[in-house]
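**Q** Submitted below is the structure of interest, expressed as structure tokens.
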Amino acid sequence: MEQADVIIIGAGIVGLATAHGLLRERPDLKLCLLEKEEGAAQHQTGHNSGVIHSGIYYRPGSYKARLCRQGKAALERFLDEQGIQYKRRGKVIVAVDPSERLRLEALYQRGIENGVDCTLVGAEQLREIEPHTAGQWAIWVPETGVVDFGVVAARMVDCIVERGGRVVTNARVQRVVEDRDHAVIASTQGEFRARLVINCAGLYSDRLRLEGGRRSSVRILPFRGEYYSLVESRRDLCRSLIYPVPDPALPFLGVHLSRGIDEAVHCGPNAVLAWDREGYRRRNLRLADAWDTLRFGGFWRMAGRYMRVGTQEWWRSWNKNAFVRSLQRLVPDVSGADLERSPAGVRAQAVRPDGHLVDDFLIEEEPFFIHVRNAPSPAATASLAIGQVVGEQALARLDATSALHPSRAAATILQR
């Protein structure tokens, strides 16, 4: 049985950033990261659109607003230090009719409150930035960037290993039980014993708990985000990132166009409930996941609240013309012939029993566990800041345990 001070479950970018931060703060920490796949960043991180978000959208004072700004600065420092390519392409958030003008101005004020470098521009200035867009007014956010988060995750793995951490792949967690003052994790790569477990399991974060312990306060519902890309000859339709004014009642930002680090222009995503937590294709169905969703009362309450929106998203998933019409609100020159299918992603969205979507990052604690329960976009941008928050909580827990049981702490050190 392998002994550790901390075990992190999930090698997506939040789990990796947490491990990276802990080992930077405490180089002597014995840390092990368990990942069920063959490598890191196989799900949300590896299917990320690559946007380095500015933090303009989020309620001032919220985790998302604060950690996105802090995380963006920390991420850019990390990219510079590691020599990882990224680009500040900038973004326009476009109002295409007068009904969106007030929402746009409110969003601009939110951006100012959050410390975002942004400017309100009219039609003429907008055309200079994005000649093909249809908007009459827009917010220009020059600091928005793009990067390949798969490359970022791979470098974080290297940093963790260089600092003495362990990343164990093909290690699907089967059971977590309490053993006096430790948690014991049974996995497909053997058993691991730790003073503290950090749950960064993303799509499965609500299923991880101590055997016999309390259930999560939220349930993860998987939403598939489907994308098209502009064919190479039509990439000139988008120079930077072009977003609609978001609906404040929804946690999704709407179909948009964004030029990635590889110069490809991604169009999407829509947001469709998936019947498989790894349902990257429309026809994917996993009966256990579907049943888990259907027997959750919060799903039905959410479905009733968002029936109209959900129907529109479903229709746009199956009807390419409907998808094209959404893009044409922003860029009228786009046609169906300009688009080719791109890989989809799946977003882990936490939902409360009352049917409300969890809008902010959510971190919960229980004996032997710190759970990152909700970390959707902009979690990749904010990952290093989320990792710092979780790491501070973890070190406080470990230090408190050491103070209460100094002989046990010494024993742990001697075992290294």
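Since every read-out is calculated from the coordinates, none of them should be taken as a lab result. Predicted, not measured: the structure shown is a model, and the values here were computed from it. We place every Cβ from the backbone using ideal geometry, glycine too, and count neighbours over all the protein chains shown.
**Q** Among the candidates 304, 355, which residue alone is more than 27 Å from residue 230 (Cβ to Cβ), of a type in the set (Gly, Ala, Ser) and either touching a helix residue (DSSP H, G or I) at 6+ places or on another chain (Cβ under 8 Å) or without any contact (Cβ under 8 Å) to a residue 40 or more places away in the chain (or both)?
**A** 355
**Q** Name every residue in the stretch 239-257 that is in a loop (DSSP other than H, G, I, E, B) and over 20 Å from residue 322 (Cβ atoms), in order of residue number.
**A** Result: 239, 240, 248, 249, 251.
**Q** Considering each residue of the stretch 85-141, count those that are surrounded by fewer than 17 Cβ atoms within 10 Å (Cβ to Cβ), outside any strand (DSSP E or B) and under 27 Å from the mean Cα position of the chain (by Cα), and give that number.
**A** 10
**Q** A further question follows. Among the residues of the stretch 156-197, how many are of a type outside the set (A, V, I, L, M, F, W, C) and either assigned to a loop (DSSP other than H, G, I, E, B) or crowded, with 18+ Cβ neighbours inside 10 Å (or both)?
**A** Of the residues in the stretch 156-197, 13 are of a type outside the set (A, V, I, L, M, F, W, C) and either assigned to a loop (DSSP other than H, G, I, E, B) or crowded, with 18+ Cβ neighbours inside 10 Å (or both).
**Q** Run down 61, 46, 39 and say which single residue is assigned to a loop (DSSP other than H, G, I, E, B), small (Gly, Ala, Ser), free of Cβ contacts under 8 Å to residues at least 40 places away in the same chain and surrounded by fewer than 24 Cβ atoms within 10 Å (Cβ to Cβ).
**A** Among 61, 46, 39, only 61 is assigned to a loop (DSSP other than H, G, I, E, B), small (Gly, Ala, Ser), free of Cβ contacts under 8 Å to residues at least 40 places away in the same chain and surrounded by fewer than 24 Cβ atoms within 10 Å (Cβ to Cβ).
**Q** Is there a residue in the stretch 212-221 that is part of a loop (DSSP other than H, G, I, E, B), out of contact with any strand residue (DSSP E or B) (no Cβ under 9 Å at 6 or more places or on another chain) and surrounded by fewer than 19 Cβ atoms within 10 Å (Cβ to Cβ)?
**A** yes
**Q** So, in the stretch 304-320, how many residues would count as being assigned to a helix (DSSP H, G or I) and surrounded by 12 or more Cβ atoms within 10 Å (Cβ to Cβ)?
**A** 10
**Q** If the requirement is being of a type in the set (D, E, K, R) and crowded, with 20+ Cβ neighbours inside 10 Å, which of these qualifies: 283, 301, 277?
**A** That would be 277, the only listed residue that is of a type in the set (D, E, K, R) and crowded, with 20+ Cβ neighbours inside 10 Å.
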